[in-house]
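Below is one structure, written out as structure tokens, with a few remarks after it.
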Amino acid sequence: MASEKLDEYIDDFALLIEAGFVAVKQLDETSATRIFKAAQVMNPTSVAPEIGLGYISLNKLELKEATKIFEGVLEKEPENYLAKTFLGMCFLLTKPKREKGEKIIRDAMEKTNDETVKSLGKISLEWADKDLKKNKSPFFADAAKESEKTK
């Protein structure tokens, strides 16, 4: 009976996933989590809700959890280039694994036909080049200059 009721809404599955990502963008973690978990109930074979939950963890900088989720998605769907790009981003944020992250993102960009994934990869690599590879964080660069002046 419950399954029959869910079947009525299966056409709305993609909208549910989109709503989850919108909730993440609006920093509404509670709603986003609930939406992705509801989507998992609706379609337990889809990895889209898992990617959404991993994206929440990535946004919270819970890199171990996000990495675990994206690796799990890639075990099920090795050619899921969105999950692969997000996994690469997790590694970009982990200094010892940064090169591995860049390699994963470049690989995903080369193999995918999805322009959105290519754009995400390109922006991620530019961000890594511009900000992450600096010796000092750009947020504290001015403070470091000020402290050196006072010495």
Taking a ≥ b ≥ c as the square roots of the eigenvalues of the Cα gyration tensor of the stretch 1-136, is the shape rounded (a/c under 1.5), prolate (a/b larger than b/c) or oblate? prolate
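Students sometimes get this wrong: rank 13, 36 by accessible area, probe 1.4 Å, all chains present, largest first.
The most accessible residue leads, giving 13, 36.
Just to make sure I understand: if all protein chains stay in place, what is the order of 105, 17 by accessible area at 1.4 Å, largest first?
17, 105
Going through the cross-link list 100/122; 37/122; 37/97, which pairs have a Cα-Cα distance over 24 Å in this structure?
Too far apart for the 24 Å limit: 37/122; 37/97.
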Work out, step by step, the length gained on full extension between residue 95 and residue 43: first 0.36 nm times the residue separation, then minus their alpha carbon distance; give nm to one decimal. 15.1 nm
With a 1.4 Å probe and all protein chains left in place, how much of the accessible area of the stretch 65-127 comes from carbon and sulfur atoms, in whole percent? 51 percent
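The values are calculated or read from the model by the stated rules, or taken from the named source; none is laboratory data. As the structure is a computational prediction, the values presented were derived from the model and not from experiment. Note: areas computed on protein heavy atoms with side chains; ligands, DNA, RNA excluded. Shrake-Rupley method; radii C 1.70, N 1.55, O 1.52, S 1.80 Å.
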